[in-house]
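Right, one structure below, let's go through it.
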Amino acid sequence: MLPATWLAVTVVLADATSAAASPAAATTCTDNWVGPASGTSNWNTSGDWSAGVPNGNSTVACIQKAGTYTVQATTSSDAAAAIVVGGAASGTQTLQIDGVNLPITQSSEVLKGGVLSLTPTSSGSAAISATGTTTSLTIAHGGTLSSAGTSDAADIATPLLINKGTVTLAAASNEDSAGTTDAGSFTIASGSTLTSSGADFTHSAGKLTVHGTFDSDNIFTQSGGTETGNPVVQHAGTFVDSAGTGSFITYQATIEGTIPAGQTVTNLASPGNSNDTIGGVSAGVTVDGTLTCQTTSTTICTFSTAGDWPGITVASGGTLSTTGPGNSSAYVNLDANMDVKAGGTLAIANPATMVNTFTLTNAGSWQVTATGYISIGGNCAVTSTGTIEVSAGSGVTPPDGTILQNSGQFGNSGTLAVDTVGSEGGGPDQPVITAKPGVGQFTNYSFGPDYYTVSYTPTEVELTPATPFSASATAFSPVENEPITPKVASFTTHGEPGTYSATVNYGDGSGTQPATVNLSGSSGKVTGPTHTYTATGTYTVTVVISTTAGTTKKVSEKVTTTGP
């Protein structure tokens, strides 16, 4: 670790495509490497420098001699006002800092073909530091900052600006204590850990690859590029999002901005804590990708906003979900305004999810899975004009897939969709929504393979399992190039009410077309539109039958067309 009195140095990984480049505009070489152009040499050898061993007062030390070689800094006296590594006509020039700190006071560079390597040893950490607040280290395109070793730590006490440059961290322990802006190639190797402690990290372009561990506790900004491998973990501070793909995990962190499509952010609360917040700015958070609030058996996950902040907007294609086990002491608290737009999804899979205080507006798909249970309390006002989709299990008290309204307001005028998990086989009423009097009624229903009657009591929206209509496909024998108007299916209502409709796909590429339904008593048949098969062969005819009471069934039959 660096002493507290050391200041940070800015590391800039910028583009420099020439085979040999000059130092930064603010620096001029005053001491050039003239030592061996192969093998490994020591920094502290007077004859290897054009003006003697560099010092930290005014020397700009340049390691630019053509060849492939390494210069090692191994003593605490090794220093320079500035360094320039690489930019030679050929070869690879490496400055290796072994177990010491190399201080600089002026802007420095690592150019094409140059490598700055931090190698902690048993004698101490490896670091490069600055004594001036405006000092920077620019690493050009083709230049590399790396770390290696298992002893102590590689201290990157520098703001890193990576623009097409390369950072490869393979030391067991790495620390970024001054901040990074990454627009190049940044890799954390397997078995390696980077801790961004009290510093900001911005990934704006390029590729961030985490094979090891990346822990951040200040501000992490994702504004472009890709993140692959293991998720970046934000232990505290703020996660600011706007663009890019990848996976991120937040603990006790504020989330701001937009979670873009192709990106997943999972909030995992620390054990016993429930202070995770989402928002932090009046603009709130927009979800185009996936935002998940996840618990364990001992943790609480909370998304909360303050005042009138918009909170969470789930855009079309976006998903806000709750997952993990849940109980009275380990639950999900969605304590924020939530607006699920058409095409957006609110997926409740946690069995102890709560919505309190704010508003929930659903114009998309609100799903409560077989493991999900959501309680609406406080002064929360709920309005649904989209679809509420529940998964009704059997033999569960209270049944899974339930929305419980303890207080507040609940209004809906959308669609109630029910997917059956297992088989109901009759049994008691299933209260899908338990609400106080005045709950709105659904205008449409869409059930799975089982049929339900829906009733509205003063306190509940109840489902009563009933026998749905049954259907089977009907075989027919077409002849090539001869028109046919076949019966394609039959069905029995079993008392399921509603208006029946059907479509048919003849399986020959002609597409799906409306079919005619004829119902007599409890029996019905489906007749397809006139059709002509133009080639012999075997085709799969698919018929979909639906009723306005909510049930849809799909049946199919193979038919073989014979020659004329």
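If you take the residues in region 373-393 that are of a type in the set (S, T, N, Q) and assigned to a loop (DSSP other than H, G, I, E, B), which one is nearest to residue 340 (Cα to Cα)?
The extreme case among them is 385.
Suppose we keep only residues that are among the charged types (D, E, K, R) and in contact (Cβ under 8 Å) with a residue 40 or more places away in the chain within region 84-112. Which one would you say is surrounded by the fewest Cβ atoms within 10 Å (Cβ to Cβ)?
By that ranking, first place goes to 112.
Conditions: (1) touching a strand residue (DSSP E or B) at 6+ places or on another chain (Cβ under 8 Å); (2) farther than 30 Å from residue 293 by Cβ; (3) of a type in the set (Gly, Ala, Ser). Residue 191 meets all but one. Number of the miss?
Looking at each condition in turn, residue 191 falls short on (1).
Is region 331-340 home to any residue that is in a loop (DSSP other than H, G, I, E, B), at pLDDT 80 or above, surrounded by 24 or more Cβ atoms within 10 Å (Cβ to Cβ) and in contact with a Ser or Thr (Cβ under 6 Å, 6 or more places away or on another chain)?
Yes: one or more hits.
For region 478-520, give me each residue that is in a loop (DSSP other than H, G, I, E, B), closer than 26 Å to residue 447 by Cα and either in contact with a Lys or Arg (Cβ under 6 Å, 6 or more places away or on another chain) or free of Cβ contacts under 8 Å to residues at least 24 places away in the same chain (or both).
The one that is in a loop (DSSP other than H, G, I, E, B), closer than 26 Å to residue 447 by Cα and either in contact with a Lys or Arg (Cβ under 6 Å, 6 or more places away or on another chain) or free of Cβ contacts under 8 Å to residues at least 24 places away in the same chain (or both): 511.
Evaluate region 453-473: report whether one residue or more is within 26 Å of residue 560 (Cβ to Cβ) and not polar (S, T, N, Q).
yes
Going by what's in this entry, would residue 166 be described as part of a strand (DSSP E or B), out of contact with any Asp or Glu (no Cβ under 9 Å at 6 or more places or on another chain), of a type outside the set (A, V, I, L, M, F, W, C) and in contact (Cβ under 8 Å) with a residue 60 or more places away in the chain?
Taking the combined requirement at face value, the residue satisfies it.
Residues of region 148-196 being over 21 Å from residue 250 (Cα atoms) and in contact with a Lys or Arg (Cβ under 9 Å, 6 or more places away or on another chain), which ones?
Of everything in region 148-196, those that are over 21 Å from residue 250 (Cα atoms) and in contact with a Lys or Arg (Cβ under 9 Å, 6 or more places away or on another chain) turn out to be 183, 184, 185.
Which numbered condition trips up residue 148, out of (1) aliphatic (A, V, I, L, M); (2) crowded, with 22+ Cβ neighbours inside 10 Å; (3) at pLDDT 90 or above; (4) closer than 20 Å to residue 193 by Cα?
Unmet condition: (2).
For region 412-450, enumerate the residues that are in a loop (DSSP other than H, G, I, E, B), of a type in the set (Val, Ile, Thr) and modelled with pLDDT under 75.
Across region 412-450, the qualifying residues are 421, 439.
Inspect all residues belonging to region 41-57 and state whether any of them is closer than 19 Å to residue 136 by Cα and either at pLDDT below 50 or touching a Gly at 6+ places or on another chain (Cβ under 6 Å) (or both).
The answer is no, given that none of the residues of region 41-57 is closer than 19 Å to residue 136 by Cα and either at pLDDT below 50 or touching a Gly at 6+ places or on another chain (Cβ under 6 Å) (or both).
Please return the ranges of strands (runs of 3 or more DSSP E) entirely within region 44-137 where 3 or more residues are over 21 Å from residue 152 (Cα atoms).
Output list reads 60-63, 68-73, 82-85, 108-110.
If you scan region 31-83, which residues turn out to be among the β-branched types (Val, Ile, Thr), crowded, with 16+ Cβ neighbours inside 10 Å and within 21 Å of residue 130 (Cα to Cα)? Steps first, please.
Start the filter on region 31-83 by keeping residues that are among the β-branched types (Val, Ile, Thr), which leaves 34, 40, 45, 53, 59-60, 63, 68, 70-71, 74-75, 83.
Subset that is crowded, with 16+ Cβ neighbours inside 10 Å: 53, 59-60, 63, 70-71, 74, 83.
The answer is 53, 59, 60, 63, 71, 74, 83.
Could you list, in sequence order, all residues of region 500-514 that are surrounded by 15 or more Cβ atoms within 10 Å (Cβ to Cβ) and in contact with a Ser or Thr (Cβ under 6 Å, 6 or more places away or on another chain)?
Residues satisfying the conditions are 500, 501, 503, 505, 507.
Only one of 458, 465, 497 is buried (at least 18 other Cβ atoms within 10 Å of the Cβ) and more than 29 Å from residue 531 (Cβ to Cβ). Can you tell me which?
Going through 458, 465, 497 in turn, just one is buried (at least 18 other Cβ atoms within 10 Å of the Cβ) and more than 29 Å from residue 531 (Cβ to Cβ): 465.
If you scan region 341-372, which residues turn out to be of a type in the set (Ser, Thr, Tyr), assigned to a strand (DSSP E or B) and under 24 Å from the mean Cα position of the chain (by Cα)?
345, 353, 361, 365
Taking only pairs six or more apart or across chains, which ones have beta-carbon atoms under 6 Å, a first residue in region 201-219 that is closer than 14 Å to residue 165 by Cα, and a second residue that is at pLDDT 90 or above and assigned to a loop (DSSP other than H, G, I, E, B)?
Pairs that qualify, where the first residue is closer than 14 Å to residue 165 by Cα and the partner is at pLDDT 90 or above and assigned to a loop (DSSP other than H, G, I, E, B): there are none.
Quick one: which of 347, 352 is in contact (Cβ under 8 Å) with a residue 40 or more places away in the chain, of a type outside the set (Val, Ile, Thr) and more than 15 Å from residue 412 (Cβ to Cβ)?
352
Residues are listed down the side, and each one gets a yes or a no for (1) part of a strand (DSSP E or B); (2) at pLDDT 95 or above; (3) farther than 19 Å from residue 147 by Cα; (4) aromatic (Phe, Trp, Tyr):
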position	(1), (2), (3), (4)
227	yes, yes, yes, no
233	yes, no, yes, no
258	yes, no, yes, no
273	no, no, yes, no
281	no, no, yes, no
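The values are calculated or read from the model by the stated rules, or taken from the named source; none is laboratory data. Note that the structure is predicted; figures quoted are calculated from it, not measured. Every residue, glycine as well, gets a Cβ built from its backbone with ideal geometry; the counts of neighbours run over all protein chains shown.
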